[in-house]
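Structure, as C-alpha cells:
A short reminder: the numbers here are calculations on the coordinates, not readings from a lab. All values reported here derive from a predicted model rather than from experimental measurement. Don't worry about glycine lacking a Cβ; one is built from the backbone with ideal geometry, like all the others, and counts go over all protein chains shown.
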C-alpha cells in the first residue's frame, strides 16, 4: 500500500512498460490493459468468495479439536497466498501465508490462544481486500 493512503495499492508489477524502470503500477495496468483489468476484477470476485468461505469455516469452531475445520481453512489460505502473490498483491499474499502457518500450527496441536491470531489475520485479509481499487465486485 502507499504509505499514508490505506485505500490505494501502490505496488508495482513487472511489465514491459517504459515508465522508468520496466515496472507498472496496478493503477496504470487497470487504466491501460483490458486483459489485466479483467483478470484483476475476476481475482477480486474470487477473493470476496474466498473471504466469505473463511468466515464460514471459522464460525462456531471448537478450537481445541478443530482439525477437520482448520485443514480446509489452511488450504484456502494457501490458495489465496499463492494467487495473490502471483498477481503482485504482497499484503494479501503475506497475510494469507501467515494465516496458513498459524492454521498448520493449530493442526499440529497448537494452543487455543492461536484463535485470536487467526481472527486477527482474517481481519487483516478483509482490510487488505478492501484496499483493492474499484467498485466492489458483485
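Summary of computed values
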| quantity | calculated |
| --- | --- |
| Added length on full extension, which subtracts the Cα-Cα distance from 0.36 nm per residue, residue 130 to residue 79 | 16.5 nm |
| Average Cα contact separation per residue, the stretch 43-130, under 8 Å, 6 or more apart, as relative contact order % | 31 percent |
| Residue-span extension gain [residue 108 to residue 67] - 0.36 nm each, minus C-alpha spacing | 13.9 nm |
| In nm, spacing of pseudo-spin labels at residue 101 and residue 55 (7 Å Cα→C-beta vector) | 2.7 nm |
| Label-point gap, in nm, between residue 35 and residue 94 - each point 7 angstrom along Cα→Cβ | 3.0 nm |
| Efficiency of FRET from Cβ geometry, residue 116 and residue 42, R₀ 35 Å, rounded to 0.05 | 0.60 |
